[in-house]
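Written below as structure tokens is the structure these notes are about.
The values are calculated or read from the model by the stated rules, or taken from the named source; none is laboratory data. These numbers were taken from a predicted model, which means no experiment stands behind them. Glycine also receives a Cβ, built like all others from the backbone with ideal geometry; neighbour counts cover every protein chain displayed.
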Amino acid sequence: MTVGVAIMAVLSSAGGNVTGTDIPDSGSDTPDDQQDEVLDFPVIWAAPGTIARTLPWQLDPGRSGEKDYRTHAIVTDRRLLVVGFRFHKKDLKNIQDEVLWEVPRTAIRHVERKNFKTGSDFKVTFSDGSWCRLSSIRRQRLTRYLLPTELIARDSLTAAQRAAVDAYAAKVRPPAGISPIISRPPGGNHRVEFLLPDRLDAYFGASEKNTLIDDEGREVRPEDYLPEDL
């Protein structure tokens, strides 16, 4: 499975665990850490030779110029990569990116969502204790992809669940060769996602169509989602 997610400043992963609120776009007027949330941002704490010390300078919008440059995160089943490219506001399909940095997902110990101001920040702690705190315009989805995710084969679903997946595919009408990504979040329901190439753009990155089904194959209404489903 390969999943791309766009961000304003990026770095994250899995292999560890995620804490913090799961409420989308939840912000807070009260900082948890004055030093790292008010006086300085983005933040990296890393001794020489540690993983966070290798992060690319392009993640700092003050140095890379966010008006004409973007960084994206690409999450696969094995790696987290950071890519960068020139941003063309009038042509969001123009993505000529280059790999700036990569790390195995097993090198990530912990991911924590932070909610000061806009609720888009997150902190990543690596296996060697070094860490960084950055911001993402798609924080909730990015950190969800960085969790150790249980992927489910379609054939392992019940007949009712397979019928629900097929019905959703007929509704989405993905291009030939695009298969659903089926996963089981901690809440116990099944998430069905289609990553659609025509929805890829330079600002948001990859966008998916997704739904949540229960054990009986019934679609779960968004208002009935639990935090664990997100």
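Summary of computed values
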item	result
Residues satisfying the stated conditions in the range 69-100, i.e. touching a residue at least 60 places away in the same chain (Cβ under 8 Å) and surrounded by 17 or more Cβ atoms within 10 Å (Cβ to Cβ)	Arg70, Thr71, His72, Ala73, Ile74, Val75, Leu80, Val82, Phe85, Phe87, Ile95
Complete set of residues in the range 95-154 that are closer than 21 Å to Tyr203 by Cβ and part of a helix (DSSP H, G or I)	Arg139, Gln140, Arg141, Leu142, Thr143, Arg144, Tyr145, Leu146
Residue satisfying condition, being without any contact (Cβ under 8 Å) to a residue 24 or more places away in the chain, not assigned by TED's automatic domain parsing to the domain that holds His72 and not basic (Lys, Arg), within set Ala170, Ala164, Ala206	Ala170
Verdict on Thr211 being among the polar types (S, T, N, Q) and within 30 Å of Pro56 (Cα to Cα)	no
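For (1) modelled with pLDDT of 85 or more; (2) out of contact with any Leu (no Cβ under 6 Å at 6 or more places or on another chain); (3) outside the structural domain of Asp201 (by TED's automatic domain parsing), each residue gets a yes or a no:
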{"site": "Asp29", "(1), (2), (3)": "no, yes, yes"}
{"site": "Phe41", "(1), (2), (3)": "no, yes, yes"}
{"site": "Pro48", "(1), (2), (3)": "yes, yes, yes"}
{"site": "Val82", "(1), (2), (3)": "yes, no, yes"}
{"site": "Arg86", "(1), (2), (3)": "yes, yes, yes"}
{"site": "Arg109", "(1), (2), (3)": "yes, yes, yes"}
